[in-house]
Amino acid sequence: MRAPTPKRDSPNPTRRDALRAAGGVLAAGLMPGAAGAQRAPIPFGSAAQIEPFRSEPQYREALKRHCDVIVPMNDLKWEALRHDRANFDFSGADELVAFAEGNSQAVRGHTLLWGEALPAWAKAMTSRAEAERELVRHIEMVVDRYRGRIATWDVVNEVIRFDPRGEPMRDTLWQRLLGAEHVEIAFRTAARVDPKARLVLNDFAFEEKSPLIAARRRSALDLIRRLQERNVPIHGLGMQAHLYGENPIDIDGLQAFMAELTRLGIEIEVTELDVIDWKLPADAATRDRTAAKLVSTYLDAIAAVRRPRAVVTWGLSDRHSWIHQTFPRKDGAQARPLPLDADYRPKPMMDVLDRYRRNTS
Ligand code: G3I
């Protein structure tokens, strides 16, 4: 049964007010459409970058107003936490986690292991024994600190080789020193320290129609099956969903992927959603409409098979996005990848995300 449309009694209801009013009991993971199955609203959230978080009240207000979930964009990465081998600098992460808790928002941890964003001392590691010792110690310290406060962890990020046809695992420091076992070590350590945490494999490029992307989906499934065969605790796949505005969604391919993940008992969450619009026309309204339609098509495709546990965008406002530097437009126009414009005004994409938050068609 669909949750009733929330009654708006406060002058500026937040998105969470709507969810509370709807009494949204999140039965995430239910197969929608199954007889009697309740289609639960899907929590929405965003990554939070510490610099604008500290300098822009509007940035904090937008996070508070629009989000059920907060992800520290960079402050739980090795580069931010581990300036040297001996010490941990939790200042940024603590600030963002405290903000989220103060607003009754859930927190996703990103990320316990990645081949990038490593401090120099870690990049200089040379032996298997040292890599394993430091990886285990890192996860023990970080997961223990936030046990019961960070409910979901991107345990590993981007461990699949971009083109996995041939060698499936990405060539990272961890892969070189520990082999594919680095993934198992990370998951087992996180599960040992916080047995209640949801443990997620996070990666990108699963959405388009091409032999390479189909191979990436197969590699993700193969890796998950291998972990399951070894009784490694893994609960979810995080799909980053950095969507290219000019590329259609492979609906059939994506839905077959969702069905197999469901069969394996793996939940999914959209973890870094944004739209790379560098190949779209310059006109802002056209780009915004195209981006919203692409996000809608993408979310409709996956939710028709498996409702995501959450949909998280990689930032809220066009004012702050990695896409400006990484995918600059030839015409010099500012990218428009996110749900709010550079002045924190909602765009059509936010309406799409809102519909999922309120579970309205
Ligand atoms: O905090 C330092 C600051 O002290 C220093 O003055 C400044 C200039 O050197 O750098 C700051 O750190 C930067 C950090 O962002 C915070 O702004 C790093 O150099 C920079 O590399 C880092 O970029 C982040 C990138 O991941 C690498 O960690 C991006 O903001 C972030 O959006 C991006 O996010 C990744 C996800 O984690 C994984 N999926 C892909 C996604 C996009 O690349």
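Computed values, structure above
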{"item": "Dipole moment magnitude, nearest 20 debye, region 209-261 about Cα centre, only Lys, Arg, Asp, Glu C-beta charged", "result": "220 debye"}
{"item": "Unsatisfied cross-links (Cα-Cα over 19 Å) in the set LYS77/LYS123; LYS77/LYS347; LYS209/LYS293; LYS123/LYS196; LYS209/LYS347", "result": "LYS77/LYS347; LYS123/LYS196; LYS209/LYS347"}
{"item": "Whole-number percent relative contact order across region 143-238, with pairs defined as alpha carbons under 8 Å at least 6 apart", "result": "36 percent"}
{"item": "The chain: angle of helix 348-358 to the longest principal axis, Cα-based, in degrees nearest 10", "result": "80 degrees"}
{"item": "Residue-by-residue Karplus 3J(HN,Hα) for region 271-279, coefficients 6.51, -1.76, 1.60, Hz, glycine and proline x", "result": "10, 8, 4, 7, 10, 7, 9, 5, 9"}
{"item": "For region 132-280, size of Cβ-based charge dipole, Lys and Arg +1, Asp and Glu -1, in debye", "result": "580 debye"}
{"item": "Size of electric dipole in the chain: Cβ of Lys, Arg +1 and of Asp, Glu -1, about Cα centre, debye, nearest 20", "result": "920 debye"}
{"item": "Principal axis dimensions, region 209-361 - Cα atoms, whole angstrom, descending", "result": "49, 33, 25"}
{"item": "Sulfur and carbon atoms: percent of accessible area, the chain [1.4 Å]", "result": "53 percent"}
{"item": "Given charges at Cβ of Lys, Arg, Asp, Glu: the chain dipole, positive-most of TRP121, ALA47, GLN105", "result": "GLN105"}
{"item": "Residue-level accessible surface for LEU221, protein heavy atoms, 1.4 Å, Å²", "result": "20 Å²"}
{"item": "Accessible area per residue, Å², region 136-249 with all protein chains present, probe 1.4 Å", "result": "40 Å²"}
{"item": "Sum of -39500 (n - 2.57) over DSSP H runs of 4+, divided by residues of the chain (222 nm, nearest 500)", "result": "-12000 deg cm²/dmol"}
{"item": "nm² value of the averaged projected area, convex hull over the Cα atoms of the chain", "result": "18.0 nm²"}
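The values are calculated or read from the model by the stated rules, or taken from the named source; none is laboratory data. All of these numbers come straight from a predicted model, not from anything done at the bench. Here Cβ is always computed from backbone atoms with ideal geometry, including for glycine, and neighbour counts include all displayed protein chains. The accessibility values were calculated without ligands, DNA or RNA, using every heavy atom of the protein model including side chains. Shrake-Rupley method; radii C 1.70, N 1.55, O 1.52, S 1.80 Å.
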